[in-house]
């Protein structure tokens with residue numbers, strides 16, 4: 001999971017570097033094409049039919065995944081790396097809320113408190129002008145980039161809920177395959193409309209984005225097999241620290257005190273849910289052993 005966080009942070013760094021000139025839709029298209037090719041090879045090697053038994057749900061998964069990815073790449077280009085990573089990590093809160101509404105999963109008081117902490121953290125990072133005035137601290141973060149970032153986090157939460165809905169009915173390789181299958185035709189017209197021919201260095205950067213993403217997903221999958229999901233998720237927060245490090249080293253993005261406080265609130269709220277889940281799972285296992 002630590003290796004996965006490292007490669008995801010490298011992907012974010014490369015997206016920000018390439019996105020200084022190239023449109024984010026072009027970067028999304030390149031990533032989708034690479035992932036589509038690799039997913040097709042994996043399906044053929046596994047001897048699986050690619051279309052699945054729930055095409056409507058799988059297409060929805062691809063639609064929401066595309067929206068989430070486009071938004072995330074946009075925030076990587078328009079916001080400091082640390083802020084973009086923190087906003088992306090609010091998706092588990094959206095997931096818990098949507099799961100309570102759509103799947104009937106119980107919303108605990110801890111979840112409500114975590115949502116409140118996240119809301120305070122969002123205010124500290126986004127700094128709406130109605131609270132902070134029109135200049136100074138409120139002018140340090142692009143509010144449109146923040147809004148797009150939260151839209152992406154919400155779309156990612158929709159993906160997680162859809163995957164929960166169809167879990168056990170579709171092979172994970174098929175679920176992964178539908179993401180780029182839907183992304184490529186959706187993003188292709190926008191990428192073609194704003195196409196800029198990459199320089200040789202940008203081609204290498206684009207290739208690096210695809211490779212880093214694939215390595216991150218491979219390590220994440222293996223980590224989720226070897227570790228409980230809650231513990232694995234907690235380790236994944238290393239990505240936020242690495243994003244802040246890359247931002248400081250490559251772009252001079254040093255988070256101020258409000259950004260650090262907001263990030264601490266959001267990450268602390270998420271970790272409280274993770275730790276509560278680990279304790280609950282340990283209690284259930286102890287009960288099974290005692291029984």
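Observations
- Using a simple spin-label model with pseudo-atoms 7 Å out from Cα toward Cβ, residue 256 and residue 276 lie 3.3 nm apart.
- Given R0 = 25 Å, the distance between the Cβ atoms of residue 37 and residue 164 translates into a calculated FRET efficiency of 0.35.
- Take the Cβ atoms of residue 102 and residue 264, set R0 to 22 Å, and the FRET efficiency comes out at 0.15.
- Each of the peptides 85-94, 192-201, 242-251 was scored by the mean count of other Cβ atoms within 10 Å over its residues; in descending order, highest first, they stand as 85-94, 242-251, 192-201.
- Remark: the residue 2-residue 171 segment gains 58.3 nm on full extension, using 0.36 nm per residue and subtracting the alpha carbon distance.
- Linear extension gain, residue 119 paired with residue 59, 0.36 nm per residue minus alpha-carbon span: 18.5 nm
- Segment residue 49-residue 222, length gained on full extension (0.36 nm per residue, minus Cα span): 60.0 nm
None of the figures in this text is laboratory data; all of them are computed from the coordinates on show. Because the structure is predicted, anything quoted here is derived from the model rather than measured. Glycine gets a Cβ as well: all are built from the backbone with ideal geometry, and neighbour counts include every protein chain shown.
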